[in-house]
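J.: Following this message is one structure expressed as structure tokens.
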Amino acid sequence: MDELNAMQEAPVRDQRKAVTCGLAAVALWATVASAFKLTLREATPIQLLFYAAMTSAILLVVILFARGETLPRKFWLRAAIMGLVNPVAYYLLLFSAYHRLPAQEALAINYSWPLMLMVMACVVERRRPRSRDIIAGVICYAGIWCVATRGDVFSLRFTDPIGVGCALASTVAWAASWIASRSDPRPPVAGLAQNFIVAVPVLAVVLASSGCGFEVSAPVLCGSAYVGAFEMGVTFVLWLMALRHAENPAVIGNLSFLAPVASLFIIRLVVGEPLQTSTLVGLPLIIAGLLVQNRLGGHGRT
């Protein structure tokens, strides 16, 4: 009887741990949009990315060895290719979007990445999208259009076309890295650590050639370290733990939809951006589209 009770209680304990880790990850992800915007007030996107990536690489290696794992001795070519996509291209595009757009707009547009993942997966796998995916796409991109035009939905004018383009391009880069990771033979944390290790010298070269310089203020270093720890490093490990211990991964996936909503309130309080009506209409449309697409399944990412 005790063994039966233990078997029945184990999934509950696992699910509780999974939800705890998932909520912790979501809570941290909800803060990073504000951290992006505040740090980018004094830094360029490449400066922020260089110091954040360096922080993340160090933390991931420490976490890796603390778990008794090591870096793979091979797969460095794979790491170089994947590292150029994410973190280099993805975060340069994302930070450029945050640099040019209000944080709430960059957040909302970037959050449509699961839909871009669906579109790109259909192309790669040469399959037709489901009717549910088409409906989700219409709803989701209606929300993006509302946000990008700031409510002037019948116009063809964007307040910052380059910023909107960077935000949309970041969803392509993230979806591409997600698709590539499906066939990645490396353990997730080790693979991510390798990608960041390879990315840091590349970013150093980009930063040196940009003319921005390596010298930054203490607030920029602190903000970059925060982003590296809680957008790129520790939070990723927490999310993996949540998925690993989940009795029902769909429940954990649904937690990710809390992040953009919480982010809006933090942006309002910390960054001081007044919430625009177009964002309050567009972001729920984007989330609704993703819910339709995933049938409350979801992927995990802000």
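The values are calculated or read from the model by the stated rules, or taken from the named source; none is laboratory data. Keep in mind the model is a prediction, meaning the values are calculated, not measured. Note that we place each Cβ from the backbone using ideal geometry, even for glycine, and neighbour counts take in every protein chain shown.
J.: If you go through region 112-134 one residue at a time, how many are in contact with a Lys or Arg (Cβ under 8 Å, 6 or more places away or on another chain) and over 18 Å from residue 168 (Cβ atoms)?
T.: Within region 112-134, residues that are in contact with a Lys or Arg (Cβ under 8 Å, 6 or more places away or on another chain) and over 18 Å from residue 168 (Cβ atoms) number 1.
J.: If you don't mind, there's one more thing I want to ask. For region 124-141, enumerate the residues that are exposed (fewer than 15 other Cβ atoms within 10 Å of the Cβ) and of a type in the set (Ser, Thr, Tyr). First the steps, then the outcome.
T.: The initial filter retains those residues of region 124-141 that are exposed (fewer than 15 other Cβ atoms within 10 Å of the Cβ), namely 124-128, 130-132, 134-135, 138.
Across region 124-141, the qualifying residue is only 131.
J.: Give region 222-272 a look and list any residue that's acidic (Asp, Glu) and surrounded by fewer than 18 Cβ atoms within 10 Å (Cβ to Cβ), or say none.
T.: 247
J.: Please tell me if residue 273 is of a type in the set (Asp, Glu), assigned to a loop (DSSP other than H, G, I, E, B), at pLDDT below 95 and closer than 24 Å to residue 151 by Cβ.
T.: Details: of a type in the set (Asp, Glu): yes; assigned to a loop (DSSP other than H, G, I, E, B): yes; at pLDDT below 95: yes; closer than 24 Å to residue 151 by Cβ: yes.
So residue 273 fits the description; yes.
J.: Can you tell me which residues in region 243-265 are touching a residue at least 12 places away in the same chain (Cβ under 8 Å) and more than 19 Å from residue 113 (Cβ to Cβ)?
T.: Within region 243-265, 244, 245, 246, 247, 248, 251 meet the criteria.
J.: Here is a follow-up. Filter region 282-302 for residues that are β-branched (Val, Ile, Thr) and either modelled with pLDDT of 85 or more or assigned to a loop (DSSP other than H, G, I, E, B) (or both) and give the result.
T.: Narrowing region 282-302 to residues β-branched (Val, Ile, Thr): 286-287, 292, 302.
If the condition is that a residue be β-branched (Val, Ile, Thr) and either modelled with pLDDT of 85 or more or assigned to a loop (DSSP other than H, G, I, E, B) (or both), then 286, 287, 302 are the ones that fit.
J.: Scan region 203-220 for residues that are touching a residue at least 12 places away in the same chain (Cβ under 8 Å), more than 21 Å from the chain's Cα centre (by Cα) and surrounded by 13 or more Cβ atoms within 10 Å (Cβ to Cβ) and report the count.
T.: 7
J.: May I ask you to list the residues in region 75-118 that are touching a Leu at 6+ places or on another chain (Cβ under 8 Å) and either among the aromatic types (Phe, Trp, Tyr) or free of Cβ contacts under 8 Å to residues at least 40 places away in the same chain (or both)?
T.: 91, 95, 98, 111
J.: May I ask you to say which residue of 121, 173, 190, 169 is small (Gly, Ala, Ser), surrounded by fewer than 17 Cβ atoms within 10 Å (Cβ to Cβ) and in contact (Cβ under 8 Å) with a residue 40 or more places away in the chain?
T.: Working: 173 fails: surrounded by fewer than 17 Cβ atoms within 10 Å (Cβ to Cβ); 190 fails: surrounded by fewer than 17 Cβ atoms within 10 Å (Cβ to Cβ); 169 fails: surrounded by fewer than 17 Cβ atoms within 10 Å (Cβ to Cβ).
Result: 121 is the single residue among 121, 173, 190, 169 that is small (Gly, Ala, Ser), surrounded by fewer than 17 Cβ atoms within 10 Å (Cβ to Cβ) and in contact (Cβ under 8 Å) with a residue 40 or more places away in the chain.
J.: Within 17 Å of residue 47 (Cβ to Cβ) and aliphatic (A, V, I, L, M), is that true of residue 241? Before you say what the answer is, go through the steps one by one.
T.: On the way: within 17 Å of residue 47 (Cβ to Cβ): no; aliphatic (A, V, I, L, M): yes.
No.
J.: Right, something else. If you take just the helices (runs of 4 or more DSSP H) that sit entirely in region 181-268, which of them hold at least 1 residues that are closer than 15 Å to residue 23 by Cα, in contact with a helix residue (DSSP H, G or I) (Cβ under 7 Å, 6 or more places away or on another chain) and not aromatic (Phe, Trp, Tyr)?
T.: Details: elements: 188-210, 218-227, 234-245, 249-255, 258-266.
Qualifying helices (runs of 4 or more DSSP H): 234-245, 249-255, 258-266.
J.: Out of all the residues in region 132-143, is one or more under 22 Å from residue 257 (Cα atoms) and of a type in the set (Lys, Arg)? Quick ask: steps written out before the conclusion?
T.: Narrowing region 132-143 to residues under 22 Å from residue 257 (Cα atoms): 132-143.
In the following step, the residues that additionally are of a type in the set (Lys, Arg) were identified as 132.
Scanning region 132-143, I find at least one residue that is under 22 Å from residue 257 (Cα atoms) and of a type in the set (Lys, Arg), so the answer is yes.
J.: Can you tell me how many residues in region 75-98 are farther than 12 Å from residue 48 by Cβ and assigned to a helix (DSSP H, G or I)? Break it down into steps so the answer makes sense when it comes.
T.: Residues of region 75-98 farther than 12 Å from residue 48 by Cβ: 75-86, 88-90, 93, 97.
Now drop any that are not assigned to a helix (DSSP H, G or I), which leaves 76-86, 88-90, 93, 97.
Final tally of qualifying residues: 16.
J.: Looking at region 36-56, is at least one residue closer than 21 Å to residue 102 by Cα, in contact with a helix residue (DSSP H, G or I) (Cβ under 6 Å, 6 or more places away or on another chain), β-branched (Val, Ile, Thr) and touching a residue at least 60 places away in the same chain (Cβ under 8 Å)?
T.: Yes.
J.: Further question on the same structure: If I filter region 272-291 for residues that are more than 21 Å from residue 112 (Cα to Cα) and not acidic (Asp, Glu), do I get at least one hit?
T.: Scanning region 272-291, I find at least one residue that is more than 21 Å from residue 112 (Cα to Cα) and not acidic (Asp, Glu), so the answer is yes.
J.: Still on this structure: From the list 89, 66, 97, 79, which one is small (Gly, Ala, Ser), farther than 19 Å from residue 168 by Cα and crowded, with 19+ Cβ neighbours inside 10 Å?
T.: Working: 89 fails: farther than 19 Å from residue 168 by Cα; 66 fails: crowded, with 19+ Cβ neighbours inside 10 Å; 97 fails: farther than 19 Å from residue 168 by Cα.
When all the criteria are applied, what remains is 79.
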